[in-house]
Structure formats: C-alpha cells, structure tokens
Amino acid sequence: MTQALAADEEDDWQRETLADALLAWYDRHHRHLPWRLPPQATRQGHRPDPYRVWLSEIMLQQTTVGAVKPYYERFLERWPTVEALARADLQEVMKAWAGLGYYSRARNLKKCAEEVAHRHGGVFPDTEAGLKALPGIGDYTAAAVAAIAFGRRAAVVDGNVERVVTRLRAIETPLPAAKPQVRKAVAALVPAERPGDFAQAMMDLGATICTPRRPSCILCPLQAFCAARGAAAQERFPVKASKAAKPSRRGAAFVAVRADGAVLLRRRPESGLLGGMSEVPTSGWSAGSDGEDGPSAAPFPAPWEPCGTVTHTFTHFTLALSVYRARVADMPAPAGSWWCAPGLLAGEALPTVMKKVVEAAIPGATKARRPTGT
DNA sequence: GATGCGTGGAA
DNA sequence: TTTCCAAGCAT
C-alpha cells in the first residue's frame with residue numbers, strides 16, 4: 001500500500017470492520033426471542049419462517065418485546081400459518097389482539113394475510129417493494145422482513161437504529177427530519193453477509209447498550225467508531241423536535257348489568273380511535289368540562305349509581321371517564337349493541353380503557369374465571 | 001410533513 | 001408524579 005486509501009475504499013474498510021464488530025458482538029450477546037433464529041443457524045444459511053417474522057414485526061411496531069411475547073405465542077399456536085390466519089374470523093383476531101393497542105394493526109394483519117393467501121399463493125413477497133405493497137407494512141417492516149426472512153441487503157431503520165446511528169455519526173439534524181440522512185447512513189453500513197442479523201444486532205444494541213439514557217458505551221462494540229462518544233456527547237443524540245402537550249378530555253361510561261350478570265356492550269366504528277373494538281355505552285369525550293360526565297348523558301334512563309373515575313392516557317390525549325353502574329330489568333339490547341354474558345367478558349375485544357371501566361363497576365368481571373378458558 | 005392511533009414499563 | 005418512548009403505519 002503506497003498511499004492512503006481512496007475515499008470509497010476507506011468506506012468499504014470501515015463498513016466491513018464496523019459490521020464485523022457488531023456481528024461478533026451479536027453472536028455472543030444477542031437476545032433470545034421466540035420469533036428469532038439464533039445466529040449459529042443463520043450463519044449456516046438457515047432462514048426463519050417469513051410468516052413468523054412478519055407476525056412478530058407487526059406486533060412489535062411501537063410495542064415492547066415484553067408486551068408482544070405472550071400475544072405472539074398465542075397467535076402462533078392458534079393460527080400457525082398465513083393461510084390459517086387468512087381463514088380466521090376478524091372478530092376473533094380482534095379479541096386475541098385486545099390489550100396490545102394500535103388496533104388498526106390487527107385489521108391490517110388480517111387483510112395482509114388474506115392478500116398473501118389469495119393473491120400470492122400463500123407465499124410472502126421476498127422484496128422490499130413487494131412487501132411494502134401489503135397492508136400494514138411500511139418502510140421499516142418491509143426492510144426488516146426482507147432482511148431477516150429473505151437475506152436482502154435492506155436498510156432497517158427503527159427507533160433503536162435511529163438512536164444508534166445519530167450517535168455514531170453525531171447527526172445534529174432533529175428527528176424526524178433526519179430520517180433520510182439516517183437511512184443513507186445505515187445503507188452504507190449493511191454488510192453483504194448476514195444482513196438480517198446485522199439489522200437485529202443494531203436493534204439489540206439500541207435496546208441493551210445504546211439506550212436513550214445512560215448508554216453503556218464502555219460495553220459497546222462500536223465505541224471506537226462512534227462520533228458522539230468521541231466527543232463525550234452521546235446523550236445529546238438523537239436531537240428531537242419538541243412535542244406539544246397532551247390535551248385532556250372527559251366523559252361518562254355506563255355499565256348496565258342485567259339480573260343474570262350480563263353487561264350491555266356495543267361495537268365502536270370500524271376506523272378511528274379503538275376502531276372495531278367493543279365498549280360499554282359512553283357519552284361523547286369532550287374537551288371541556290361542559291357537563292358530559294354526568295348520568296344525564298346515559299343512553300337510557302336507569303338508576304345510575306356513580307362508581308368512581310377511570311383515567312387513561314392515549315397517544316395524543318388523556319381521558320377521564322366517570323363510571324356509572326345500574327341494575328336493569330331484562331330488556332332487548334338497543335340496535336348495535338348486545339348483552340355479554342359474564343363468562344364471556346374476559347374474552348371480549350375490550351381495549352384496556354374499557355376493561356378499566358368494567359372493573360370499576362364490577363370488580364373481577366374481566367378476569368378469566370378459570371386459568372385459560374377451554 | 002403533520003397528525004391520529006394504545007399501552008405499559010422504566011427512570 | 002411525570003415524562004419518555006417501544007422493532008411505525010396510514011392518511
């Protein structure tokens with residue numbers, strides 16, 4: 001070697017070295033997750049089932065690993081293939097998803113399974129573009145499935161990777177405006193070998209070492225490559241645009257209980273907040289304190305008794321619901337609603353805020369009567 | 001590009 | 001307690 005490396009050769013050198021360091025770390029310190037193939041298997045050229053990768057990636061969107069695990073296991077046991085999920089009843093899928101949040105994911109999950117089963121012969125597309133054309137699959141998930149399940153050299157960028165890379169390159173542009181810059185930086189790092197493990201390694205690094213606060217730089221395999229660490233400024237990245245304060249709303253919720261213990265439920269509209277999920281009748285959720293939280297907002301007259309207030313925080317507002325309960329005589333359920341037998345409440349498609357409401361009125365009502373009702 | 005969309009764990 | 005934010009997507 002007579003001269004300094006040309007710029008592109010130096011890029012190649014750093015890409016190989018950085019990726020090698022990261023993959024070597026991943027081989028020793030990877031997390032063991034139910035949807036994952038261990039690195040010794042992928043090193044031998046094995047690949048995980050695309051259905052399982054896709055299912056896990058959809059569940060993991062904005063959701064923690066710990067929350068996903070039990071849902072993933074239940075879904076996989078009940079619907080082991082994309083064809084099985086395509087045949088499933090949507091309401092059963094919504095019930096199985098209840099509590100995991102972002103319910104449009106469950107509707108798109110079902111739609112996507114149907115498209116794969118009916119238009120793609122039960123086989124997932126093996127390119128980013130093909131995957132991204134499916135419902136519920138965006139930039140991140142398309143890249144993740146392409147890399148992990150199909151060995152494509154895709155740039156996988158999630159919140160972890162954004163944090164790792166903005167630190168690695170000391171990117172001063174605030175997120176989300178910096179996303180294109182981050183994507184280019186990642187694309188320049190992805191190795192030709194084991195791109196799926198590389199993606200998972202970046203995410204594991206962000207989750208366990210390159211954490212939002214107090215990152216463990218001393219344990220980091222990329223420490224020598226990291227511009228932020230070099231400047232002792234790792235906690236200054238990523239720079240983020242400030243976010244607005246959450247407004248609050250209030251309303252009333254009405255738990256009507258029949259003599260046999262059945263509770264009146266209704267279905268929310270298919271789209272929007274908690275779309276397609278079940279709820280007890282409620283007033284509107286108004287922004288101010290204009291009296292929509294009293295018993296006068298009830299769907300029908302009954303001896304409504306107050307039983308406390310439930311508070312719940314959504315992504316973009318907080319909600320305080322005054323809960324009322326009434327014993328009511330047998331009556332036909334109003335249009336669009338039904339009487340839910342007490343034994344079926346635990347399996348209903350009740351979002352967490354509605355479970356809180358029912359629990360406030362009837363303690364224990366949403367808990368399964370027996371361990372796993374079979 | 002900004003906004004709507006859940007929930008729960010950690011600091 | 002409050003704040004942050006976690007393997008984002010659709011519009």
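The values are calculated or read from the model by the stated rules, or taken from the named source; none is laboratory data. In this text the structure is predicted, and so the values were computed from the model without any measurement. Please note: Cβ atoms are built from the backbone with ideal geometry, for glycine as well, and neighbour counts cover all protein chains shown. We work out accessible area using only protein heavy atoms, side chains counted, and drop any ligands, DNA or RNA first. Shrake-Rupley method; radii C 1.70, N 1.55, O 1.52, S 1.80 Å.
Each residue of the range A:129-136 in turn: what ³J(HN,Hα) in whole Hz from Karplus with 6.51, -1.76, 1.60 and θ = phi - 60°, glycine and Pro shown as x?
My calculation for the range A:129-136 gives 5, x, 5, 5, 6, 8, x, x Hz in order.
Can you pick out the pairs among A:Lys132/A:Lys246; A:Lys110/A:Lys240; A:Lys132/A:Lys184 whose Cα atoms lie more than 29 Å from each other?
A:Lys132/A:Lys246; A:Lys110/A:Lys240
In a shell of Cβ-Cβ distance under 12 Å around A:Arg266, excluding A:Arg266 itself, what net charge do Lys and Arg (+1) and Asp and Glu (-1) give?
So the surrounding residues net to 0.
Give me, ordered by chain and number, the residues 5 or more places off A:Gly308 or on other chains with an amide H under 5 Å from its own placed amide H.
A:Val323
Would you mind telling me the antiparallel percentage of the DSSP bridges in the range A:248-361, rounded to 5? Before the final figure, lay out the partial values.
Details: 16 of 26 bridges.
Beta bridges within the range A:248-361, antiparallel portion: roughly 60 percent.
Pull out a ≥ b ≥ c, the square roots of the eigenvalues of the alpha-carbon gyration tensor of the range A:97-256, then state rounded if a/c is under 1.5, prolate if not and a/b is larger than b/c, and oblate in the remaining case.
In terms of gyration-tensor shape, oblate.
May I ask you to give the percent of accessible area on the range A:53-170 that is carbon plus sulfur, with a probe radius of 1.4 Å?
That share works out to 48 percent.
Using modelled amide H (1.01 Å from N, peptide plane; none on Pro or chain starts), what sits under 5 Å from the amide H of A:Thr318, excluding residues fewer than 5 places away?
Here A:Ser248, A:Arg249 satisfy the definition.
Let me make sure I get this right: for chain A, a, b and c are the square roots of the gyration tensor eigenvalues over alpha carbons, sorted descending. Under 1.5 in a/c it's rounded, otherwise prolate if a/b > b/c, else oblate. Which is it?
Details: a/c = 2.82, a/b = 1.88, b/c = 1.49.
Cα axes put chain A in the prolate bin.
Under the rule a/c < 1.5 gives rounded, and otherwise a/b versus b/c splits prolate from oblate, where does the range A:248-361 land using the Cα gyration tensor? Could the numbers behind the result be given before it?
Details: a/c = 1.69, a/b = 1.26, b/c = 1.34.
Since a/c reaches 1.5 but b/c is at least a/b, the shape of the range A:248-361 is classed as oblate.
If you restrict to DSSP beta bridges whose two residues both lie in chain A, what percentage is antiparallel, to the nearest 5?
Antiparallel bridges make up about 60 percent of those DSSP assigns within chain A.
Given contacts defined as C-alpha pairs under 8 Å and at least six residues apart, what's the relative contact order of the range A:250-374, whole-number percent?
On the way: 236 pairs, mean separation 39.6, N = 125.
32 percent.
Largest first, how would A:Glu235, A:Glu128, A:Glu77, A:Glu115 line up by accessible area (1.4 Å probe)?
A:Glu77, A:Glu235, A:Glu128, A:Glu115
Which cross-chain or sequence-distant (5 or more) residues have an amide H under 5 Å from the amide H of A:Lys240, H modelled 1.01 Å from N in plane?
Answer set, sorted by chain and number: A:Leu175.
Give me the extension gain from A:Asp260 to A:Lys179: residue separation times 0.36 nm, minus the current Cα-Cα distance, reported in nm with one decimal.
On the way: separation 81, 0.36 × 81 = 29.16 nm, distance 5.57 nm.
Extra length from A:Asp260 to A:Lys179 when fully extended: 23.6 nm.
Provide the per-residue ³J(HN,Hα) series for the range A:34-41, in order, calculated from phi with Karplus coefficients 6.51, -1.76, 1.60 and θ = phi - 60°, each as a whole number of Hz, with x at glycine and proline positions.
Those phi angles translate into x, 9, 10, 8, x, x, 5, 6 Hz.
Going Cα to Cα from A:Lys367, which lysines come in below 23 Å? Please leave out same-chain ones fewer than 8 positions away.
A:Lys69, A:Lys95, A:Lys355, A:Lys356
Under a Cβ-Cβ cut-off of 12 Å, what is the net charge of the residues other than A:Val357 that fall near it, where Lys and Arg count +1 and Asp and Glu count -1?
Neighbourhood net charge equals +1.
Hey, what's chain A come to in accessible area per residue, 1.4 Å probe, Å²?
I get 50 Å² per residue for chain A.
When Lys and Arg each count +1 and Asp and Glu each count -1, what net charge do the other residues less than 12 Å away from A:Ala228, Cβ to Cβ, add up to?
Residues close to A:Ala228 contribute a combined charge of +3.
Which whole-Hz ³J(HN,Hα) couplings does the range A:326-343 yield from phi under the Karplus relation 6.51 cos²θ - 1.76 cosθ + 1.60, θ = phi - 60°, glycine and proline marked x?
Values, residue by residue: 9, 7, 10, 6, 4, 7, x, 5, x, 3, x, 10, 8, 8, 9, 4, x, x Hz.
Calculate for chain A the 222 nm mean residue ellipticity that helices alone would give, adding -39,500 (n - 2.57) per DSSP H run of length 4 or more and normalising by residue count, nearest 500 deg cm²/dmol.
On the way: 14 runs with 147 residues, N = 374.
Theoretical 222 nm ellipticity from helices: -11500 deg cm²/dmol.
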